[in-house]
1. Name the residues in the stretch 355-375 that are part of a loop (DSSP other than H, G, I, E, B) and not hydrophobic (A, V, I, L, M, F, W, C), would you?
2. Hey, can you tell me all the residues within the stretch 265-309 that are within 20 Å of residue 173 (Cβ to Cβ) and touching a Gly at 6+ places or on another chain (Cβ under 6 Å)?
3. Condition check: more than 17 Å from residue 18 (Cα to Cα) and in contact with a Lys or Arg (Cβ under 8 Å, 6 or more places away or on another chain). Does residue 77 satisfy that?
4. Kindly check whether there is at least one residue in the stretch 225-233 that is surrounded by fewer than 18 Cβ atoms within 10 Å (Cβ to Cβ), in contact (Cβ under 8 Å) with a residue 40 or more places away in the chain and within 24 Å of the chain's Cα centre (by Cα).
5. Go over the candidates 341, 354 one by one and state the one that is in contact with a Leu (Cβ under 7 Å, 6 or more places away or on another chain) and within 28 Å of residue 47 (Cα to Cα).
6. May I ask you to list the residues in the stretch 253-308 that are of a type in the set (Ser, Thr, Tyr), part of a helix (DSSP H, G or I) and within 30 Å of residue 234 (Cα to Cα)?
7. Within the stretch 334-351, how many residues turn out to be buried (at least 16 other Cβ atoms within 10 Å of the Cβ) and in a helix (DSSP H, G or I)?
8. Given the residues 120, 171, which is the only one that is out of contact with any His (no Cβ under 7 Å at 6 or more places or on another chain), touching a residue at least 12 places away in the same chain (Cβ under 8 Å) and farther than 24 Å from residue 71 by Cα?
Amino acid sequence: MQKKLVIVCLINFLVAAIMGLMLRYVFVLPLHDIVKPLPFEFRSLMHAHSHGAMLGWVYLMLYVLIVHHFIPDKKPVYNRLFWLTEIAVIGMMVSFPFQGYAAISISFSTLHIICSYLFIRLIWKNHKIQSKPIQLLLKGSLIFMFISTMGIWCLGPAAAKLGIESAFFQIAIQFFLHFQFNGWFMFAVLALFLHQFHLKNSKVFQRFFKTLVAATVLTFALPVSWYAFHPLLLWINGLGVLLQLVTGYYFILLLRPYWSEFWTKTPKLAKWMYVLALISFIIKIALQTSSIVPTISKMAYQYHNFVIGFIHLMMLGVISGFLFAFLLNSSIVSIKRKTLTFGVYCFIIGFITTEVLLLIQGLFYYFALGMIPNYYLLLFVSSIFLPLGILIFTLNILKNETKTIKTT
C-alpha cells in the first residue's frame, strides 16, 4: 500500500494524542479561564479523542496492513473505501468536540460502521492466505468486529427508552469496547504478527485459538457485572481469565520454535516495540487475572484511573506497540536516522510514565492518601512525550523516499 495511507493513519493518531493532551491540560489550567465561552465540553472532546485513536489510527492502520499482507489483487475499491472511511473519521473528530453525540457525529459514526461492513465483506471474499492458522485469526477478527457493532446499534434505543445512565446503555458501550479491543483489534494484530512465522496448522494452534475465542467471550462478564451485578458473572469471568492464562501458555509454545531466528533478524527499534507490546500483553493478562478477586474487580470499576490506565495499556502498549513494530520492521521508515530512535523512545517514555502515574494515583485514592504532589502537572508533562514521539515517527516516514511498504 502507498506510504500516504500510513501517514494519514499516523496524522489521525497525532491529532487524537493532541486531544488527549488537551484533556490532561484542563486539570492543570482550566481552558475556560483562557477561552470564554469554551466551544466544547470535556466529555465531548473525550469522545473525539477516543474515536480518533480507535477508528482513525488502529482501525485504519489495521486496514492498510491487512490489505497489504493478505490481498494480492489490490483493486481501486480498497483505496476508495479507505478514503471514505477517513472522511467518516474526520467527521467524527471535528463534530464530536462541539456537539457530542448529536445528528452530525452520529451520521459519521453510522457511515464508519457501514464502511466497516464493506471492509469485512471485501477481506472475507478476496483474502489469499496459505496458512490456515492466520486465516482463522483474520476471520476471527472480522467476526468480532461485526459483533462489536451490535453494541453501537443498541445505543439509540437504549438512550431513548432507558436513558444514557441506564445499565443497558452502559453495557452496550462496554460490549462495543470489549469486542473491539479484545476481539477485532487483538485477533487482527495476532494474525499480522504470527504471519511472519508462516505457521502451520497444529494441535497447539487449535488449542490456542479455541481458548482465545472462549476467553474473549467469557471475560465480557466482568464489565457486565459492574452495571448488573450477579455472583454468576464473577464465576464466568473467572473461567475466562483462567482460559486466558492457558492461551498465554499456548502462545509461548507457538513462538518458541521460531523466536530465535525472528529475533536475530528484527531491527533494534522494532525489538523495543515488540518488547513493549508483549510485556503490555502479559500485564494485561495479569490484571485481568487479578479481577477474579472481588475487591480488585470493584476497585477497578470505582476508580477511574484504573479504567483509563487499562484502556491505554491495551491501546498504546499492546495494539500500538505491535503496529509501530510492524512499521519499524518494514522499509517505510529510515531506521538509520537518530531522530527516529528519539521518537520511539519518547513514545515509550510517555506511555510508561503516564501508566505509572495513573496506577500510583489510583492506589492513593484507594488507600485514602490524597493526591500525588503536582499530579496533574506531572501527568500533563509526561503526556507531551506521546504526541512528540508520534510526530517524529511521522516526519521520519515523510522524509523517507520509499513510497510503498516492503516488509521483511
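The values are calculated or read from the model by the stated rules, or taken from the named source; none is laboratory data. What you are looking at is a predicted structure, and each value in this text was computed from that prediction instead of being measured. Heads up, the Cβs are rebuilt from the backbone with ideal geometry, glycines too, and the neighbour counts pull from every protein chain shown.
1. Within the stretch 355-375, 370, 373, 374 meet the criteria.
2. 303, 305, 306, listed by residue number.
3. no
4. Yes, because at least one residue in the stretch 225-233 is surrounded by fewer than 18 Cβ atoms within 10 Å (Cβ to Cβ), in contact (Cβ under 8 Å) with a residue 40 or more places away in the chain and within 24 Å of the chain's Cα centre (by Cα).
5. 354
6. Residues satisfying the conditions are 280, 289, 290, 295, 297, 301.
7. 9
8. Being out of contact with any His (no Cβ under 7 Å at 6 or more places or on another chain), touching a residue at least 12 places away in the same chain (Cβ under 8 Å) and farther than 24 Å from residue 71 by Cα holds for just one of 120, 171, which is 171.
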